[in-house]
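As structure tokens, the structure follows; a few thoughts come after it.
The values are calculated or read from the model by the stated rules, or taken from the named source; none is laboratory data. Keep in mind that this is a model prediction, so the values were computed, not measured. A quick note on method: Cβ atoms are made from the backbone with ideal geometry, for glycine too, and the neighbour counts reach across all protein chains shown. For the accessible areas, the whole protein counts, side chains as well, though only heavy atoms, and no ligand, DNA or RNA atoms are used. Shrake-Rupley method; radii C 1.70, N 1.55, O 1.52, S 1.80 Å.
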Amino acid sequence: MRVMAQMSMVMNLDKCIGCHTCSVTCKQAWTNRTGTEYVWFNNVETRPGQGYPRTYEDQEKWEGGWTLTKNGRLRLKAGGRLKNLMTIFASPKQPSIDEYYEPWTYDYENLTNAPLQEHTPVARPKSLLSGQDMNVTWSANWDDDLGGSPALAAADPVLAKISDKVKLEFEQTFMFYLPRICEHCLNPSCAASCPSGAIYKRSEDGIVLVDQDACRGWRKCVTGCPYKKVYFNHRTGKAEKCTFCFPRIEVGLPTVCSETCVGRLRYIGLVLYDADRVLEAASVTDERELLASQRSVFLDPNDPAVVREAEAAGIPRDWVEAAQRSPIWALINKYEVALPLHPEYRTMPMVWYIPPLSPVVDVVAETGEDAEDPGNLFAAIDTLRIPVEYLAELFTAGDTVPVTAVLKRLAAMRSYMRDLNMGRDADASIPASVG
Ligand code: SF4
Ligand code: SF4
């Protein structure tokens, strides 16, 4: 066992209201500069939707991340560093500005200088890059306006994959928000794909950073990250990415996105993990075992043997205590309600999600009963408004069994708290099968 510490985050998706406060405050803090206009270290995606940059989840198109060889060994999809060097200039696998969006401002002068007229003057969009007037035809969260409509079915790579199971009809539309930052992966393909060795994972807390002096602007990390969370600064010619707000973390402050989150849905903290098991866990060939294997690398910070090994590995005592106080290990391993985003990318992501628990659709339509009533939720957990298949494609490589188990546990929690608040016997309403 080789114990290491990792900063990580769990987000409870039931609480996200899509206000984008996290994105705006992150941008104000870190990317409010020329060269980073289109850069969102934190973004909040509309699901279903195309994501940001759009269609980043279409892994065949972008060839990012890791793949398994026939004998179960991991290799970079881009083909390793030598191939990277040879193909770097010709690589067609970078998202273009169209996949992000051409950033714009508005011609505000027209609002104040327009002559008196019948209609209110408008501020036309103006490109921040060229300064020219522009027609805006797409940008991040454009999908909001489609409200999960059938028009999105083909555009969302996740939905397109399960189009035989989930049919979007207007009365069955669904929508939720998915906030995203860099995953600060345990097995980061951005670092492995950098020909300059400029991307590194800090040994003390696992935060993944770009050394700005060493970066030569190859942009192989943009291709190599399957989550497309490295951005190219067109002014400096260097790569940039979320830093997990390390200057704040180092003085005991939370990340900007966590501190300003309106829904209070971001839990951050240290976890301890067994570094010797990371590659083994990422190389599991049966995708249905990926969740269990990824969970199994985390160590119980209250286990005396783990504490001894952590101290032997030089992890400061107060860091171990921080891991013991952190909710992360419990949410992932004890209560098993947090799930990783796209574990099949095999980078061992360290931002995990509690999936949204939506109401049961048929109950409302057929009986008019409360569709969020825990009894109804337990009985019909596979006919939730947000299809379990969709959540499974996001969080468990398509396996609906663990997602259903998490949703049942969340339903039990809701039931328990309702009964408690109403003075009823809270334990009585939870089926033993939920655990
Ligand atoms: Fe690197 Fe992408 Fe993982 Fe972040 S999400 S650590 S950029 S591979
Ligand atoms: Fe969601 Fe919180 Fe971001 Fe608002 S600030 S969009 S609630 S994650």
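Only protein atoms count toward the accessible area here, which uses a 1.4 Å probe; on the chain, the carbon and sulfur part of that area reaches 52 percent. Each 20 Å bin, from zero up to the one with the longest distance, holds this percent of the alpha carbon pairs of the chain: 23, 56, 19, 1.
Give the cross-link partners of LYS238 among the lysines, using a straight C-alpha distance below 29 Å as the criterion and excluding same-chain residues fewer than 8 apart. Hits, sequence-local ones excluded: LYS27, LYS61, LYS77, LYS83, LYS93, LYS126, LYS201, LYS220, LYS228, LYS229. When the alpha carbon gyration tensor of segment 301-418 is reduced to an equivalent ellipsoid, the three semi-axes, largest first, read 36, 17, 9 Å. Between the listed residues GLY35, ALA114, CYS261, the Cα displaced farthest toward the positive end of the dipole of the chain, a dipole computed from Cβ unit charges relative to the Cα centre, is found at GLY35. Using C-alpha pairs under 8 Å with a sequence gap of at least 6, the mean separation divided by the residue count of the chain gives a relative contact order of 22 percent. For segment 195-277, the calculated P(r) over all alpha carbon pairs, in 10 Å bins from 0 to the bin holding the longest distance, is 15, 39, 35, 11 percent. Between THR120 and GLU60, residue separation times 0.36 nm minus the direct Cα-Cα distance comes to 16.9 nm. Per-residue ellipticity at 222 nm from helix content only, as computed over the chain with -39500 (n - 2.57) for each DSSP H run of at least four residues, stands at -7000 deg cm²/dmol. Estimated at the nearest 10 Å², the accessible area of SER258 is 10 Å² with a 1.4 Å probe. With both labels modelled 7 Å from their Cα along Cα-to-Cβ, the VAL24 to ASP98 distance reads 3.1 nm. Counting only residues at least eight positions apart within a chain, or on another chain, the aspartates and glutamates with an alpha carbon under 12 Å from that of LYS334 are ASP300.
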